[in-house]
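The values are calculated or read from the model by the stated rules, or taken from the named source; none is laboratory data. This one's a predicted model, so the numbers in the text were calculated from it and none came from an experiment. No Cβ is skipped: glycine too gets one built from the backbone with ideal geometry, and neighbour counts run over all protein chains shown.
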Amino acid sequence: MFDPQDAVLVLEDGQVYVGEPYGAIGTTSGEIVFATGMTGYQETLTDPSYDRQIVVQTFPHIGDTGINGEDPESSRIWVAGYVVRDPSPNVSNWRATGSLDDDLESNHIVGISHIDTRKLVRHLRSAGVMRAAIFSGDALLDGDGKLRTIDSMLDEVKATPQMKGMSLYDEVSTKEAYTIEPCGEFEGKEPLFTVAAVDLGIKSMTPHRMAERGCRVHVVPSTITFDELQSLNPDGVFFSNGPGDPEQADSEVNLLRQVLDAGYPFFGICFGNQLLGRALGFGTYKLKFGHRGINQPVKDMTTGKIEITAHNHGFAVDAPIGETVDAPFENGKYGKVFVSHIDLNDNVVEGLQCVDIPAFSVQYHPEAAAGPHDAAYLFDRFVDLMRSVKEGTRNA
């Protein structure tokens, strides 16, 4: 039972949760997923990889530190909807410029609070992520002003496009190229290397991590051609994270193959890892409920070290673990490759390392915004790779 003052969450399989409105009033739909981070909700909300998704926070208390102008990872909030258990009634942080509730409302993000998110997440873990919708205010009423039936809301949920088969990277990519200059100890100095970073949903901390290492980073739209990319004279090429199904990114896979054919050092994260997998000839598949949070244990197979990492992905690369194989594309055109990282929770492929060409990728987020910094060394690996290719010392 619900009344017009409530908010109602309806899942594709018919489960219903009644709570209170949080953020904007209205209706929204998308794939419902959960994120396990205890902190970093502002970075989560502004991560373009959450485009068209309703995010459930597993940590019960959200909003304690409000919002500020420093933590967003892009120019806007990208989540389709937001689900929390106990939103903070107070804001307490010296950097805060406002409350999360007000920020969600001003950005027209429809949310729901005061529901049993533990029950909801346990259900999504067993049943798998699925389509859902949140309804509040007038969205709970029919044309006659009466409360809608759950069946009518369920019809709206089932009319929502599924994430599998959806192409979204062009939707979130920058429309104009921009440049991040070297910073920190390299500020004001000539860049050590130039990187062309293809924005498929990039987070702002990613080019910053490269700039901290003396790189000039040209962040370019997903629509860039190979000739346009070459005109930047990059020392290396980077493919970012991003939303949607990697099987619907043929144009980006073709661009990446041109990058590999030209011998540019390549580094990809998240969606970029999936595209490298496809470029090498491997398949991708949709995970049951994905990895989303800042506490995923990953093993680096090249060193044996375990790192706690930040994740946000619902798809993964299908590649053999524990062996070095010929990359399947065109009878091993790109030489040998092996799985360099695995997730210790479920053995999902978390990284690829090419042996014969200067290319590697990881499925997670070494920029760590928010999250632990265990994987920051990957940016150093990319810099070292560009240096070795530039100096002609690779594989020497």
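Sort out which residues of segment 75-90 are part of a loop (DSSP other than H, G, I, E, B) and surrounded by fewer than 18 Cβ atoms within 10 Å (Cβ to Cβ), and write them in order of number.
Listed by number, the residues that qualify are Ser75, Arg76, Ser88, Pro89, Asn90.
Enumerate the pairs (first residue in segment 8-19 and aromatic (Phe, Trp, Tyr); second residue anywhere and assigned to a strand (DSSP E or B)) with beta-carbon separation below 6 Å, excluding pairs fewer than 6 apart on the same chain, so at least 6 apart or on different chains.
Cβ pairs passing all conditions: Tyr17/Leu9.
Can you report the number of residues in segment 175-187 which are among the hydrophobic types (A, V, I, L, M, F, W, C) and either part of a helix (DSSP H, G or I) or in contact (Cβ under 8 Å) with a residue 60 or more places away in the chain (or both)?
The qualifying residues number 1.
Which condition number does Ile202 fail, the rest of (1) surrounded by 14 or more Cβ atoms within 10 Å (Cβ to Cβ); (2) not assigned by TED's automatic domain parsing to the domain that holds Leu280 being met?
Unmet condition: (2).
Run down Arg118, Arg52, Arg122, Arg148 and say which single residue is closer than 30 Å to Glu252 by Cβ, basic (Lys, Arg) and either buried (at least 21 other Cβ atoms within 10 Å of the Cβ) or not assigned by TED's automatic domain parsing to the domain that holds Phe289 (or both).
Testing whether each residue is closer than 30 Å to Glu252 by Cβ, basic (Lys, Arg) and either buried (at least 21 other Cβ atoms within 10 Å of the Cβ) or not assigned by TED's automatic domain parsing to the domain that holds Phe289 (or both) leaves just Arg52.
So in segment 292-307, with the set limited to residues that are touching a residue at least 40 places away in the same chain (Cβ under 8 Å) and assigned to a loop (DSSP other than H, G, I, E, B), which one is nearest to Asp245 (Cα to Cα)?
So the residue we want is Met301.
Kindly indicate which of Thr324, Thr302 is out of contact with any helix residue (DSSP H, G or I) (no Cβ under 7 Å at 6 or more places or on another chain), farther than 30 Å from Glu31 by Cα and at pLDDT below 95.
Thr302
Please go through (1) in contact with an Asp or Glu (Cβ under 6 Å, 6 or more places away or on another chain); (2) of a type outside the set (D, E, K, R); (3) at pLDDT below 95 for Gly293 and return the number of the only condition it doesn't satisfy.
Among (1) in contact with an Asp or Glu (Cβ under 6 Å, 6 or more places away or on another chain); (2) of a type outside the set (D, E, K, R); (3) at pLDDT below 95, the lone unmet condition for Gly293 is (1).
I'd like to check which helices (runs of 4 or more DSSP H) are fully inside segment 188-291 and have at least 1 residues that are under 22 Å from His341 (Cα atoms).
By residue number, 205-211, 250-262, 271-279.
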